[in-house]
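Participant: Can you keep this structure in mind? I'll have questions shortly.
The values are calculated or read from the model by the stated rules, or taken from the named source; none is laboratory data. What you are looking at is a predicted structure, and each value in this text was computed from that prediction instead of being measured. With ideal geometry, Cβ positions are generated from the backbone for all residues, glycine too; neighbour counts draw on all protein chains shown.
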Amino acid sequence: MIEKSVERLIFASRWLMAPFYIGLIAVLAVLMIKFAQELLHFIPYVFDLKETDVILMTLSLLDLTLGASLVLMMIFAGYENFVSRIDTGDDDRPSWMGSLDFGGLKLKLISSIVAISGIDLLKSFMNIGQIAKEDIMWKVITHMAFVISGVLLALMDYVTERAKKIEKV
């Protein structure tokens with residue numbers, strides 16, 4: 001009886017994660033506001049800007065979009081994996097929803113981080129005259145650390161999945 005009560009309490013504790021996902025919805029709204037602010041700041045000056053400035057602003061908007069996509073992915077997959085299945089009854093449900101496990105979520109997360117880091121690095125290269133070489137060096141080192149981490153994480157997942165398949169045989 002005590003064991004059942006403890007198990008019920010442990011199972012019910014998953015709902016403590018729900019406020020975290022609601023908080024991430026607020027973060028998503030903040031990113032949307034920042035995106036709108038950047039876009040509204042950009043549009044009036046588009047004809048006066050140099051090509052590189054337009055590309056830099058576009059990269060900034062892409063950066064915000066990738067960040068927002070990452071947050072949304074974490075909300076959907078995290079909630080479904082750890083709290084409860086999202087039953088929308090809608091055909092518009094993303095195909096990956098409900099099938100993205102923790103390993104897949106980690107890979108998507110590191111892929112997004114690598115993409116965001118790559119965009120930041122590209123912005124630095126496009127602004128190379130105005131950024132200290134040491135700062136660029138650290139950005140390259142950081143980006144490479146993300147890339148290597150992503151490759152190693154993918155390799156670990158691959159090895160784990162392969163070991164599971166071998167055990168079944």
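Participant: Could we say that residue 116 is part of a helix (DSSP H, G or I), more than 27 Å from residue 17 (Cα to Cα) and not assigned by TED's automatic domain parsing to the domain that holds residue 20 here?
Facilitator: When the stated conditions are applied, residue 116 does not pass them.
Participant: Starting from segment 42-69, keep only residues that are assigned by TED's automatic domain parsing to the domain that holds residue 25 and surrounded by 13 or more Cβ atoms within 10 Å (Cβ to Cβ), then list their pairs with residues that are of a type in the set (Asp, Glu) and modelled with pLDDT of 90 or more whose Cβ atoms are within a distance under 8 Å, requiring at least 6 positions of separation or different chains.
Facilitator: Final answer for the pair search is 57/38; 60/38; 61/38; 64/38.
Participant: Related question: For residue 140, state whether it is in contact with a helix residue (DSSP H, G or I) (Cβ under 9 Å, 6 or more places away or on another chain), outside the structural domain of residue 30 (by TED's automatic domain parsing) and free of Cβ contacts under 8 Å to residues at least 40 places away in the same chain.
Facilitator: So residue 140 fits the description; yes.
Participant: Being outside the structural domain of residue 128 (by TED's automatic domain parsing), among the hydroxyl-bearing types (Ser, Thr, Tyr) and touching a helix residue (DSSP H, G or I) at 6+ places or on another chain (Cβ under 8 Å), is that true of even one residue in segment 3-23?
Facilitator: The answer is yes, given that some residue of segment 3-23 is outside the structural domain of residue 128 (by TED's automatic domain parsing), among the hydroxyl-bearing types (Ser, Thr, Tyr) and touching a helix residue (DSSP H, G or I) at 6+ places or on another chain (Cβ under 8 Å).
Participant: Another question, then. Could you give me the residue pairs with C-beta distances under 7 Å whose first residue belongs to segment 81-95 and is of a type outside the set (A, V, I, L, M), whose second residue is modelled with pLDDT under 80 and surrounded by 10 or more Cβ atoms within 10 Å (Cβ to Cβ) wherever it lies, and which are 6+ apart or on separate chains?
Facilitator: 81/101; 81/102; 85/98
Participant: Let me ask you something else. From the list 104, 78, pick out the single residue that is surrounded by 10 or more Cβ atoms within 10 Å (Cβ to Cβ), closer than 27 Å to residue 11 by Cα, under 16 Å from the mean Cα position of the chain (by Cα) and without any contact (Cβ under 8 Å) to a residue 40 or more places away in the chain.
Facilitator: Of 104, 78, the one residue that is surrounded by 10 or more Cβ atoms within 10 Å (Cβ to Cβ), closer than 27 Å to residue 11 by Cα, under 16 Å from the mean Cα position of the chain (by Cα) and without any contact (Cβ under 8 Å) to a residue 40 or more places away in the chain is 104.
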